[in-house]
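First comes the structure, then the notes that go with it.
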Amino acid sequence: TGQLLTSTLGQKLLMKLLPQKYQEILVDFSSTWSEYLRNHKRELLANIILTIGRMGIIALSAYYMFLAVGTAVDLKWVFLIGGTETVMTMIPFTINGLGIKQSVGVYLYHLIGMDPAVTAARYVLGLVIQYGFGLISLLFVREKKDEALT
């Protein structure tokens, strides 16, 4: 298939480089990946499309939050920095990446010439919106639960 993990040569190379305790995981992952490529192409394509769509929506919302605080930023940077933030939150420095995303974002936007105060304002605005939706959702669910009980 040409994929590093699914090719025999790539798997042999990785087996030599990985410690013994991780080799079984690699074999299991490789066989699962091969099985998905063979039997679940539609699901993989749907996942890719939904993931790209989700990333696009997140980038657009960040773009409009920057506009709301009076600053225009190129959408390609918003998209690329958003992806980098997401990857950085997966590194287990803090609980659920708390604070990592914002710190990385402020730093990366500063590298492309954005004022850190404007970037921080965008993150505060994003959190207010996120918590606002959470509160509205909670109230909606609670109301539906009360209706179901009566």
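Could you tell me which label, among (1) 19.2; (2) 16.2; (3) 17.2, carries the value of Kirkwood radius over Cα pairs in Å calculated for this structure?
Calculated Kirkwood radius over Cα pairs in Å: the matching label is (1).
So, counting K/R as plus one and D/E as minus one, what does the shell of residues with Cβ under 10 Å around GLN102 add up to?
Counting the neighbours of GLN102, the net charge comes to +1.
If you place +1 on the Cβ of every Lys and Arg, -1 on the Cβ of every Asp and Glu, and leave all else neutral, what size is the dipole of the stretch 20-141 about its Cα centre, to the nearest 20 Debye?
For the stretch 20-141, the charge dipole is close to 160 debye.
Can you give the FRET efficiency to the nearest 0.05 for LEU139 and ARG54, using r as the Cβ-Cβ distance and R₀ = 22 Å?
Between LEU139 and ARG54 the formula returns 0.30.
Just order 85-93, 56-64 by mean Cβ neighbour count inside 10 Å, highest at the front, would you?
The peptides rank, most packed first, as 56-64, 85-93.
Output the 0 to 90 degree angle, nearest 10, between the alpha-carbon long axis of helix 41-68 and the longest principal axis computed from the alpha carbons of the chain.
Approximately 30 degrees, to the nearest 10.
Counting Lys +1, Arg +1, Asp -1, Glu -1, what net charge surrounds THR71 among other residues with beta carbon under 9 Å of its beta carbon?
Once all neighbours under 9 Å are counted, the net charge is 0.
What do you get for the angle between helix 116-149 and the principal long axis of the chain? Use alpha-carbon atoms, 0 to 90 degrees, nearest ten.
Helix 116-149 sits roughly 90 degrees off the main axis of the chain.
Among LEU135, GLY83, ALA72, pick out the residue whose Cα is farthest towards the positive end of the charge dipole of the chain, where Lys and Arg carry +1 and Asp and Glu carry -1 on C-beta, about the Cα centre.
Of the options given, the answer is GLY83.
What angle do you read, to the nearest 10 degrees and between 0 and 90, between the alpha-carbon axis of helix 75-89 and the longest principal axis of the chain?
The helix 75-89 is inclined about 70 degrees to the chain.
Bear in mind these aren't lab numbers, they're just calculated from the coordinates by the rules spelled out. All of these numbers come straight from a predicted model, not from anything done at the bench. Glycine gets a Cβ as well: all are built from the backbone with ideal geometry, and neighbour counts include every protein chain shown.
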